[in-house]
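As structure tokens, the structure follows; a few thoughts come after it.
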Amino acid sequence: MAPFPGSGLAKGLAVTLRTMTKKTVTAQYPDTQPELAPRTRGVIGLFEENCTVCMLCARECPDWCIYIDSHKETIPAATPGGRERSRNVLDRFAIDFALCMYCGICIEVCPFDALFWSPEFEYSETDIHELTHERDKLREWMWTVPEPPALDPGAEEPKELAAARKAAEKLAATQAEARAAAPAGTGAAEPGAAAEPGTTGPGGTAARSQPPADTEGDTA
């Protein structure tokens with residue numbers, strides 16, 4: 001049976017009438033801020049003190065939107081005759097968010113926890129060049145990084161804490177065994193030491209000090 005003319009319009013109006021009676025779910029942004037999830041991928045923050053300029057994040061980035069410049073510095077030897085050391089010093093760390101696809105690979109591969117997700121997303125610009133955030137701007141985003149969630153009470157203990165606790169317990173057990181094996185003080189005089197007046201000597205006899213010998217002899 002062919003549909004009668006105007007049936008599609010009637011169905012559309014029926015949907016509209018049903019929707020009109022329901023509560024609206026539209027958020028009036030920016031007057032109403034959205035409630036974001038704790039792990040929202042908004043912008044990337046840089047904790048510069050942890051960065052060792054290993055370049056791993058820049059190499060793994062599929063968009064090549066991370067720019068890093070550095071130079072080497074020589075550290076004098078800490079002790080006389082020691083060897084000098086060299087270290088990388090960060091000169092520039094920038095992320096082009098016009099190219100970034102927010103995959104999070106750079107954060108996952110960083111071995112020293114120098115990059116973090118921030119839920120902030122209001123950083124649109126009228127000039128596309130302003131979307132390249134230098135290290136000073138990336139450091140400012142660190143203040144908006146939320147605290148990590150608490151561990152599940154039933155979760156497995158981290159390996160680092162388990163290893164540290166095991167080492168501490170082993171050290172405490174070793175110290176306790178050393179204290180138990182130490183001989184108790186006997187109070188006996190050491191060999192070759194003169195006995196003090198009134199002290200007990202070997203065999204339980206009282207040790208007495210002898211009077212000094214008279215240096216002036218009697219004449220016959």
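If r is the Cβ-Cβ distance from Ala176 to Arg139 and R0 is 45 Å, what FRET efficiency results, to the nearest 0.05?
That gives a FRET efficiency of 0.40.
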Check: region 1-53 dipole with +1 on Lys, Arg Cβ and -1 on Asp, Glu Cβ, in debye: 580 debye
Those trypsin sites (Lys or Arg not before Pro) in region 64-109 that DSSP places in a loop and that have at most 14 other beta carbons within 10 Å: Arg83
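Ignoring any ligand, DNA or RNA, what whole percent of the accessible area of region 102-167 comes from carbon and sulfur when the probe is 1.4 angstrom? Provide the component values of the computation, followed by the final result.
Values: 2880 of 5090 Å².
Of the solvent-accessible surface of region 102-167, carbon and sulfur hold 57 percent.
Mind putting a number on the dipole of region 3-126 about its Cα centre? Charges go on the C-beta only, +1 for Lys and Arg and -1 for Asp and Glu, and I need it in Debye to the nearest 20. Don't skip to the answer; put the middle values down first.
On the way: 12 positive and 16 negative charges, 143 e Å.
Value, rounded to 20: 680 debye.
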Positive dipole terminus of region 15-115, leading residue within Thr21, Phe93, Val109 (C-beta point charges): Thr21
Suppose each label sits 7 Å from its Cα in the direction of the beta carbon; what would the Val109-Glu49 distance come out to in nanometres? 2.7 nm
If you count only protein heavy atoms with a 1.4 Å probe, what accessible area per residue comes out for region 71-157, rounded to a whole Å²? 74 Å²
Surface share of carbon and sulfur [accessible, 1.4 angstrom probe, percent] for region 1-66: 62 percent
Using 7 Å Cα-to-Cβ label points, what is the Ile128/Ala98 separation (nm, one decimal)? 0.5 nm
Excluding residues fewer than 8 positions from Lys170 in its own chain, the lysines with Cα under 24 Å of it are Lys159
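The values are calculated or read from the model by the stated rules, or taken from the named source; none is laboratory data. From a predicted model like this one, the values you see are computed outputs, not experimental measurements. A quick note on method: Cβ atoms are made from the backbone with ideal geometry, for glycine too, and the neighbour counts reach across all protein chains shown. Please note that ligands, DNA and RNA were not included when accessible areas were found on the heavy atoms of the full protein model with its side chains. Shrake-Rupley method; radii C 1.70, N 1.55, O 1.52, S 1.80 Å.
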